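The values are calculated or read from the model by the stated rules, or taken from the named source; none is laboratory data. All of these numbers come straight from a predicted model, not from anything done at the bench. Note that we place each Cβ from the backbone using ideal geometry, even for glycine, and neighbour counts take in every protein chain shown.
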Amino acid sequence: MTSRVWINPRQPQTLYIAQILMYFQGAMALLAGFIGWIGEVEVFGSATLGALWVLLMTVGLVAAAFGIANQRRWGYRLAVVAVCAPLLLRVELLFRDGPGSLFRNPLDLLFSVALVALVLHPLSVAYQKVWFS
């Protein structure tokens with residue numbers, strides 16, 4: 001019988017912290033949805049696409065963290081996509097709104113860069129290549 005875990009502290013520190021931050025970002029996105037901030041997010045000029053984007057990112061981050069905790073290769077691959085996608089959105093905003101849009105939400109930028117660094121760290125990559133199935 002296999003057991004599923006939500007957080008796996010036996011993994012390298014980079015993946016362990018990445019799991020916690022992905023769950024935290026997912027929870028903050030859900031909280032923002034309940035408060036009503038999601039309507040303010042615009043993706044490619046549309047608030048509806050923004051709400052869909054936030055929902056997909058939330059589900060993607062939580063699923064990726066769960067997959068990493070259970071040492072699944074799909075979880076790691078989903079994590080790479082889920083943590084790089086917000087930075088790609090920031091590049092789109094940079095071209096659309098100018099350099100000021102990069103620092104509109106500096107805490108979110110900090111978490112995004114930290115997650116990319118943790119997931120793509122050489123220790124994380126090497127560990128998932130050896131131990132993930």
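Quick one: in segment 52-80, which of the residues that are farther than 19 Å from V116 by Cα and within 16 Å of the chain's Cα centre (by Cα) is modelled with the lowest pLDDT?
Restricting attention to segment 52-80, the residues satisfying the condition of being farther than 19 Å from V116 by Cα are 52, 55, 70.
Now narrow it down to the ones that are within 16 Å of the chain's Cα centre (by Cα): 52, 55.
Values: L52: 78, L55: 82.
Ranking the candidates gives L52 first.
Which is modelled with pLDDT under 95, among the aromatic types (F, W, Y), touching an Asp or Glu at 6+ places or on another chain (Cβ under 9 Å) and more than 18 Å from V125 (Cα to Cα), of F24, F95, F44? Before you say what the answer is, go through the steps one by one.
On the way: F24 fails: touching an Asp or Glu at 6+ places or on another chain (Cβ under 9 Å); F95 fails: touching an Asp or Glu at 6+ places or on another chain (Cβ under 9 Å).
The unique qualifying residue is F44.
Can you find a residue in segment 104-117 that is assigned to a helix (DSSP H, G or I), at pLDDT 90 or above and among the hydroxyl-bearing types (S, T, Y)?
At the first step, the residues of segment 104-117 found to be assigned to a helix (DSSP H, G or I) are 106-117.
From what's left, at pLDDT 90 or above: 113-117.
From what is left, the residues that are among the hydroxyl-bearing types (S, T, Y) are none.
No, the conditions are met nowhere in segment 104-117.
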